[in-house]
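Notes for the one structure printed next.
The values are calculated or read from the model by the stated rules, or taken from the named source; none is laboratory data. Keep in mind it's a predicted model, so treat the numbers as computed, not measured. Note that we place each Cβ from the backbone using ideal geometry, even for glycine, and neighbour counts take in every protein chain shown. Ligands, DNA and RNA are stripped out before the accessible areas are found, and what is left, the full protein with its side chains, is counted by its heavy atoms. Shrake-Rupley method; radii C 1.70, N 1.55, O 1.52, S 1.80 Å.
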Amino acid sequence: MRTCVAVLIILTCSAAVFAQTPEFCDRVLSLRDGRSNYFIPINVRSDLFTGKVVVESFRLNDYLKETKGFDGAAYKTYVMELLESKRELEIKDAAIDRSGFYLSGPALKKNTFRVVVASNEFDIVSAQGCKVLLKHYFSPDLIESTEMGKAGCRESIISSKVDLFMRPKYDLAEQNNVIAALFDMDIPISLDDISQSLRIGYLTLK
């Protein structure tokens, strides 16, 4: 019974939050000095793999520039369409590497396309809601007043005025699921330039 309830919650939340605004997509896909390091979840298909990956925006741009000749504007238009339609990006001869967490292929740079694989731990945590997910995976904890109790996750992060960093103990399976789930809530994640930890910058949510 508990399993059924958890699955129902996940499905309900997924249906409710997958609606990125054009403003959000524009922000995470906009290249500054040739790069944007926000992670983008996309569906991929090849002869050897079909599924979801997360990849930093500038690395996806590099791939599409090399394989399709896209400039920055064409890249943004193309990826926004992929996100809106949930259409699959075809990558020839791509397959999961020996680690089980990355795609490898002739046109792919090593360890750039991170595969989203099933994670029991993530499913259990995410079924309890976004704020529990943030508290479980990120530090510092958000400090909320009584008035903020009903605020959404984005609003809570903005009001707390603090950047969140993923706790270092979680493996790639959980990391990749967290990235994809929070993107669906218009909460983008990037790698911190100094620590290389996964980071939610509160200023990027405004």
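The count of lysine pairs in the stretch 106-178 whose Cα atoms are under 27 Å apart, excluding pairs fewer than 8 places apart on the same chain, comes to 10.
What order do K135, K92 take when sorted by accessible area (1.4 Å probe), most exposed first? Don't jump to the answer; show the numbers that get you there.
Numbers: K135 120, K92 160 Å².
The residues order as K92, K135, largest area first.
With a ≥ b ≥ c taken as the square roots of the eigenvalues of the C-alpha gyration tensor of the chain, please select rounded if a/c is under 1.5 and otherwise prolate if a/b is larger than b/c or oblate if it is not? Walk me through the numbers before you get to the answer.
Working: a/c = 1.72, a/b = 1.38, b/c = 1.25.
The shape class here is prolate.
Average accessible surface for the chain: 54 Å² per residue, computed with a 1.4 Å probe over protein heavy atoms with every protein chain in place. With both residues required to sit in the chain, DSSP beta bridges show an antiparallel share near 85%. Taking 0.36 nm per residue of separation and subtracting the current Cα-Cα distance, fully stretching the chain between D26 and E121 would add 31.0 nm.
The peptide list 124-133, 180-189, put in order of mean Cβ contacts within 10 Å with the highest first, becomes 180-189, 124-133.
Here the simple spin-label model places points 7 Å from the Cα toward Cβ, and for N43 and K131 these points are separated by 3.3 nm.
Measuring nothing but protein heavy atoms, the accessible surface of the chain at 1.4 Å probe radius is 54 percent carbon and sulfur.
Treating only the Cβ of Lys, Arg, Asp and Glu as charged (+1, +1, -1, -1), what charge dipole size does the chain show about its Cα centre? Round to the nearest 20 debye. Present the calculation step by step, with values, prior to reporting the outcome.
Values: 26 positive and 27 negative charges, 27 e Å.
Using only the charged Cβ atoms, the result is roughly 120 debye.
For n ≥ 4 DSSP H runs only, could you compute -39500 (n - 2.57) per run for the chain, divide by its residues and tell me the 222 nm figure to the nearest 500?
Working: 8 runs with 85 residues, N = 206.
Rounded to the nearest 500, the figure is -12500 deg cm²/dmol.
Here K76 is the anchor, and the aspartates and glutamates within straight C-alpha reach of less than 19 Å, apart from those fewer than 8 places off in the same chain, are E23, D26, D33, E56, D62, E66, E84, E88, E90, D184, D186.
5 Å is the cut-off here: which amide hydrogens, built 1.01 Å from N in the peptide plane, fall below it relative to Y38, excluding neighbours closer than 5 in sequence? Excluding prolines and chain starts, which carry no amide H, the hits are S57, F58.
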